[in-house]
1. Working carefully through the options SER392, SER374, find the one that is surrounded by fewer than 19 Cβ atoms within 10 Å (Cβ to Cβ) and either hydroxyl-bearing (Ser, Thr, Tyr) or within 26 Å of ALA80 (Cβ to Cβ) (or both).
2. Give the residues of segment 306-319 that are in contact with a Phe, Trp or Tyr (Cβ under 8 Å, 6 or more places away or on another chain) and not in a loop (DSSP other than H, G, I, E, B), sorted by residue number.
3. Can you tell me which residues in segment 69-89 are surrounded by fewer than 20 Cβ atoms within 10 Å (Cβ to Cβ) and in contact (Cβ under 8 Å) with a residue 60 or more places away in the chain?
4. Could you run through segment 320-333 and say how many residues are of a type outside the set (D, E, K, R) and either in a loop (DSSP other than H, G, I, E, B) or buried (at least 24 other Cβ atoms within 10 Å of the Cβ) (or both)?
5. For residues that are free of Cβ contacts under 8 Å to residues at least 60 places away in the same chain and either loosely packed, with under 10 Cβ neighbours inside 10 Å or not in a helix (DSSP H, G or I) (or both), tally how many sit in segment 182-195.
6. I'd like to verify a number: residues in segment 98-117 that are surrounded by fewer than 16 Cβ atoms within 10 Å (Cβ to Cβ) and either closer than 27 Å to LEU209 by Cα or not hydrophobic (A, V, I, L, M, F, W, C) (or both), how many?
7. Please find, among ARG349, ARG292, the residue that is crowded, with 23+ Cβ neighbours inside 10 Å, assigned by TED's automatic domain parsing to the domain that holds LEU431, touching a Gly at 6+ places or on another chain (Cβ under 8 Å) and of a type in the set (Lys, Arg).
8. When residues of segment 31-51 are filtered for being of a type in the set (Gly, Ala, Ser) and under 15 Å from the mean Cα position of the chain (by Cα), how many remain?
Amino acid sequence: MMLALSRRGLKVAPFKVGPDFIDPGHHRVAVGVDSRNLDGWMLEEAWNRACFGTHAADADIAVVEGVMGVYDGFSGTSEAGSTAQMAKWLDLPVVLVVNAASMARSVAALVQGFERFDPAVTFAGAVFNNLGSSGHLDYLTQAMDAYVDMPVLGGFLRDETLKMPERHLGLVTAEDRPLSGEWMETLADRIEAQLDLDRLLEALPKIDLPRLTDEKRSVRPPAGIRIGVARDRAFCFYYPDNLDLLREAGAELIAFSPLNDTALPDGLDGIYFGGGYPELHAAALAANKSMREAVQRYSRRGLPIYGECGGFMYLCRELTDVEGGIHAMCGCFPFATQMHAKLRVLGYRQVVLAADTPLGPAGSVLRGHEFHYSNLTAPVVDPSVQAVYTVSARKGGKPGSEGYRVNRTLGSYIHLHFGSRPESATAFVDLCKTVQHQRRSTHETRAD
């Protein structure tokens, strides 16, 4: 839909509800603009509203991809984190996509339930997926017209060629280029042919963006700090807002590839390793010994490093893949990680810093998400390693320990959204600046 609207000459602002990294990557491929994550659990309402207002300001139309079902959120009784909550916060109508396979008149009862469940949620229309025939769509439309207020915007016939490739963490990432330009154009053609986009566009409201962007984020002047950001097929999970917050704190971000580069960029003051798929590229990462050794030296010298999920795995001693192959990693942490065929951990996380870390002082609270198929195996008891996170899951229960610090290297399985505590990005940049000054002072002393 984003591409189809873009082909009509509209400038599209893409968004994604929830802590997803893969869908926003495909949005970027479709319309050439970074897609922003909106999340009612990780981020305050004011942050979400300002994020939407800021990044939709120069667009003709905003398209927000929802998460799970419309009302699925934090729990069975809370709308926190749901598509419905975000639609109400932003005053946006919902296009309800319904899997209509093997359904007939009952589809009206199903859609009527969604329509009436929360009167504060408005619907622009319904779209049916996995239809058996054009006659099937006519049948469903008759039922909808008789019992449901929202219009039918069209539907898609069942077609195996339209399935997107998947793997253990969901869809294949945009970095692995699973979708050809021709395939994407075919999808946009289907949207034009089988959905009533004109009717949808006519029904959409005008948005009062100034009302949403009343909270302006402060931007610090350049601090002369260079932070390396690992960006390649192995490390591609980053919230664009995390990167923006680092820039706004005064940092210059330098992309590099742990897969392809043999050395770190010159003059770095800190490194950020995001998540991704190091397990799929473990052999290549292990073979790039010069990069692994450079990262380890960097850590031992006490320069700031932050790694999360896949980035954390890369900072550990070794990684064992699902076939049992063992691959050497950087060795900044004395841990080994083991991949499994089944999901190990999934869910929102609240983190309280139990000690001072590169992301802020003890007592700071951040929120994020955890989703991985690996775990630490027989963690080494090492006095140089300190657990610095007190973690609470969304379901409650006894808080656990996570997040590990060695020197000024911080690693964790949790993907943190810096928007939950913007000061965390500032803290990381400030630490990089402090260490930079210490290094220069030491160098000048030695020179004297």
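The values are calculated or read from the model by the stated rules, or taken from the named source; none is laboratory data. Given the structure is predicted, the values throughout are model-derived calculations rather than measurements. Positions of Cβ are generated from backbone atoms using ideal geometry, with glycine treated the same way; all protein chains shown enter the neighbour counts.
1. Details: SER374 fails: surrounded by fewer than 19 Cβ atoms within 10 Å (Cβ to Cβ).
Answer to the selection: SER392.
2. Here is the first cut: in segment 306-319, the ones in contact with a Phe, Trp or Tyr (Cβ under 8 Å, 6 or more places away or on another chain) are 306-312, 314-317.
Result: TYR306, GLY307, GLU308, GLY310, GLY311, PHE312, TYR314, LEU315.
3. Hits for segment 69-89 are PHE74, SER75.
4. Step one: list which residues in segment 320-333 are of a type outside the set (D, E, K, R), which gives 320, 322, 324-333.
Within this subset, residues satisfying the condition of being either in a loop (DSSP other than H, G, I, E, B) or buried (at least 24 other Cβ atoms within 10 Å of the Cβ) (or both) are 322, 324-325, 329-333.
Number of matching residues: 8.
5. 1
6. First, the residues of segment 98-117 that are surrounded by fewer than 16 Cβ atoms within 10 Å (Cβ to Cβ): 99, 101-102, 104-106, 109, 113, 116-117.
If we keep only those that are either closer than 27 Å to LEU209 by Cα or not hydrophobic (A, V, I, L, M, F, W, C) (or both) as well, we get 99, 102, 105-106, 113, 116.
Of the residues in segment 98-117, 6 are surrounded by fewer than 16 Cβ atoms within 10 Å (Cβ to Cβ) and either closer than 27 Å to LEU209 by Cα or not hydrophobic (A, V, I, L, M, F, W, C) (or both).
7. Details: ARG292 fails: crowded, with 23+ Cβ neighbours inside 10 Å.
It is ARG349.
8. To start, the set of residues in segment 31-51 that are of a type in the set (Gly, Ala, Ser) comprises 32, 35, 40, 46, 50.
From what is left, the residues that are under 15 Å from the mean Cα position of the chain (by Cα) are 35, 40.
Qualifying residue count, segment 31-51: 2.
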